[in-house]
1. Quick check on segment 35-65: of everything there that is farther than 22 Å from LYS136 by Cα and part of a loop (DSSP other than H, G, I, E, B), which residue is modelled with the lowest pLDDT?
2. So, in segment 117-132, how many residues would count as being surrounded by 12 or more Cβ atoms within 10 Å (Cβ to Cβ) and either small (Gly, Ala, Ser) or touching an Asp or Glu at 6+ places or on another chain (Cβ under 8 Å) (or both)?
3. Yes or no: THR58 without any contact (Cβ under 8 Å) to a residue 12 or more places away in the chain and farther than 15 Å from VAL128 by Cβ?
4. Go through (1) surrounded by 11 or more Cβ atoms within 10 Å (Cβ to Cβ); (2) modelled with pLDDT under 85 and name the single condition GLY105 misses.
5. Would you please name the residue that is surrounded by the most Cβ atoms within 10 Å (Cβ to Cβ), looking only at residues in segment 133-147 that are part of a strand (DSSP E or B) and of a type outside the set (A, V, I, L, M)?
Amino acid sequence: MSKKRKLIIALVAFSGIVAVGLGIHFKPTSPELTKLGDYSVTSKGMRFEIDLASNSTTGYTWTASDVDKGNCTLDDIVYQAYPSKDNRVGSGGYSRVTGKVKKAGQTQFHLTYCQDWEGGKKELTYRVTISSSKTKINKIKLTKVSE
């Protein structure tokens, strides 16, 4: 075998080892939300994250409504599938809602798990209440809203 071929094989093998190592090291952590209605909440300063159990293959998504834009901004609602060894279609995940409270006091908005099209069904709605001081969020409460 030529030196050039050996060098190419060695570089490919090394690249594979590095890629696997980085994949393990930077593996994203996900909340262990297992069924609809499960959620977790975190905050840092005036920013917050709300993770809600979700499964995008069902046609349902989380949507926000009644947001007081003078008090609160929502950055995004992003779906993440749970990491799995075999990447099965239809397995669950979670939707992460991120945002920021603009001023002290209390603000509310709604998060609804629904088929977001005309005539689509609503499955679950939460009223999100965020209480904050001038520099940090003190409490985030999710209350199930009966329809």
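The values are calculated or read from the model by the stated rules, or taken from the named source; none is laboratory data. Since we're looking at a predicted model, the values are computed, not measured. Neighbour counts are summed over all protein chains in view; Cβ atoms, including those assigned to glycine, are modelled from backbone coordinates with ideal geometry.
1. Taking the candidates together, the pick is LYS35.
2. The total comes to 5.
3. Criteria met by THR58.
4. The one condition GLY105 does not meet is (2).
5. If we take residues in segment 133-147 being part of a strand (DSSP E or B) and of a type outside the set (A, V, I, L, M), then LYS141 is surrounded by the most Cβ atoms within 10 Å (Cβ to Cβ).
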